[in-house]
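Asks: Once you've had a glance at the structure underneath, I'll fire off some questions.
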Amino acid sequence: MSLSITLLIIIATVLVSLNAFNQPDVKFKMLFYPYKVKNNREFYRFFSHMLIHGDYLHLFFNMFVLYSFGRIMEASLLFNYGSAGWGHYVILYVFGGFAAGIWPYHRNQDNIHYMSLGASGAVSAVLFASILWYPDGGIYLMFIPFEIPSWLFGVLYLGYEYYMSKRGGTAIAHDAHFGGALFGIAYVLLINFDKGVEFIKLVGNSLGFV
């Protein structure tokens with residue numbers, strides 16, 4: 001049985017999250033808290049918040065999406081880059097989660113009330129890396145009885161998250177989702193720019209522009 005970084009991340013996240021459910025002080029210390037990052041220089045929070053979640057549903061949903069798309073992305077990177085693929089995958093996930101916190105940090109560094117948690121930003125990075133890598137794939141969503149083309153889902157999701165992040169007023173960190181997604185796209189373009197070219201061609205063909 002080969003090593004699976006995806007499963008290791010899931011196991012670690014589940015264990016830490018379950019522990020934090022029963023220890024509010026531990027959970028508080030790991031939250032992404034821009035005000036404390038700035039004033040107390042607690043930069044570790046850019047990473048620690050990825051390991052904790054608000055509740056069981058939050059944890060399940062993030063880990064389910066990571067399991068569904070992370071295995072595909074991890075296998076693809078290993079196939080194309082050999083053992084270096086593991087390094088690419090870790091960078092994609094960990095720094096995807098870090099990048100997801102940049103916009104929320106700048107927006108809330110002086111807001112003593114803003115706090116967030118969860119692996120959603122890192123998972124978004126993996127999800128969108130997978131979409132760019134396999135734009136001709138399909139995605140199924142709950143309550144929608146048909147497959148949505150990956151490229152279309154990606155475009156609609158980005159638009160939705162950007163709109164919701166600008167509007168605000170919800171308890172969901174849409175700006176983190178958007179930032180993580182952008183990192184996933186940027187990282188794929190960095191290591192394999194042809195994937196971006198293929199994506200544009202596929203979208204053009206699908207819309208009848210090419």
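Read-outs throughout are calculated quantities, based only on the coordinates presented, and are distinct from any laboratory measurement. Predicted model, so just to flag it, every value in this text is computed and none were measured. Virtual Cβ from ideal backbone geometry, glycine too; neighbours counted across all protein chains shown.
Asks: For every other residue with a beta carbon closer than 14 angstrom to the beta carbon of residue 164, add +1 if it is Lys or Arg and -1 if Asp or Glu, then tell me the sum. Don't jump to the answer; show the numbers that get you there.
Replies: Values: positive: 107, 166, 167; negative: 161, 175.
Spelling it out: positives minus negatives among the neighbours equals +1.
Asks: Separate question: Could you sort out which of 27/195; 38/195; 29/166 sit more than 30 Å apart by Cα distance in this structure? Mind showing how you got there, number by number?
Replies: Values: 27/195 39 Å; 38/195 37 Å; 29/166 28 Å.
As for pairs spanning more than 30 Å Cα to Cα, those are 27/195; 38/195.
Asks: I need to check one value: relative contact order of the range 69-180, counting alpha carbon pairs closer than 8 Å and at least 6 residues apart, in percent. Before the final figure, lay out each step's value.
Replies: Numbers: 129 pairs, mean separation 35.0, N = 112.
Value for the range 69-180: 31 percent.
Asks: Between beta-carbons, use under 14 Å as the cut-off and find the net charge around residue 80, counting Lys and Arg +1, Asp and Glu -1.
Replies: Details: positive: 195; negative: 74, 194, 198.
Its environment carries a net charge of -2.
Asks: Only helical DSSP H runs with n ≥ 4 go in: add -39500 (n - 2.57) per run for the chain, normalise by residue count and round the 222 nm mean residue ellipticity to 500 deg cm²/dmol. Provide the component values of the computation, followed by the final result.
Replies: Numbers: 11 runs with 148 residues, N = 210.
Dividing the helical sum by the residues of the chain leaves -22500 deg cm²/dmol.
Asks: Sticking with this one: Roughly how tilted is helix 150-167, in degrees to the nearest 10 and between 0 and 90, from the longest Cα axis of the chain?
Replies: Its long axis makes an angle of about 30 degrees.
Asks: If the cut-off is 17 Å between C-alpha atoms, which aspartates and glutamates fall inside it for residue 36, apart from same-chain ones fewer than 8 positions away?
Replies: Counting by Cα, and skipping residues close in sequence, residue 36 has these aspartates and glutamates nearby: 25, 110.
Asks: Would you mind listing how long the range 75-115 runs along its three principal axes, going by Cα atoms, in whole Å with the largest first?
Replies: Dimensions of the range 75-115 along the principal axes of its Cα atoms: 45, 13, 12 Å.
Asks: Output needed for the range 5-206: three equivalent-ellipsoid semi-axes, defined as square roots of 5 times the C-alpha gyration tensor eigenvalues, in descending order, whole Å. The partial results should precede the final answer.
Replies: Working: eigenvalues 157, 71, 55 Å².
In descending order, the three semi-axes are 28, 19, 17 Å.
Asks: Name the long-range amide H neighbours of residue 138: under 5 Å, sequence gap of 5 or more, or other chain; modelled H, no Pro or chain starts.
Replies: 150
Asks: So what is the diffusion coefficient of the range 110-191 in µm² per second by Stokes-Einstein at 4 °C and 1.567 mPa s, using a Kirkwood Rh over Cα pairs? Before the final figure, lay out each step's value.
Replies: Details: Rh = 13.6 Å.
The estimated diffusion coefficient comes to 95 µm²/s.
Asks: Once you keep just the Cα pairs under 8 angstrom separated by 6 or more residues, what percentage relative contact order results for the chain?
Replies: Numbers: 293 pairs, mean separation 45.9, N = 210.
The normalised contact order for the chain reaches 22 percent.
Asks: Same structure, new question: Need one word for the range 1-104: rounded, prolate or oblate. Basis is the Cα gyration tensor (sqrt eigenvalues a ≥ b ≥ c); a/c below 1.5 gives rounded, then a/b vs b/c decides. Spell out each step's value before the answer.
Replies: Working: a/c = 2.52, a/b = 1.54, b/c = 1.64.
It is oblate, given that a/c is not under 1.5 and a/b is not larger than b/c.
Asks: Starting from the Cα of residue 198, step 7 Å along the direction of its Cβ; do the same at residue 29; then give the gap between the two resulting points in nm.
Replies: 4.5 nm
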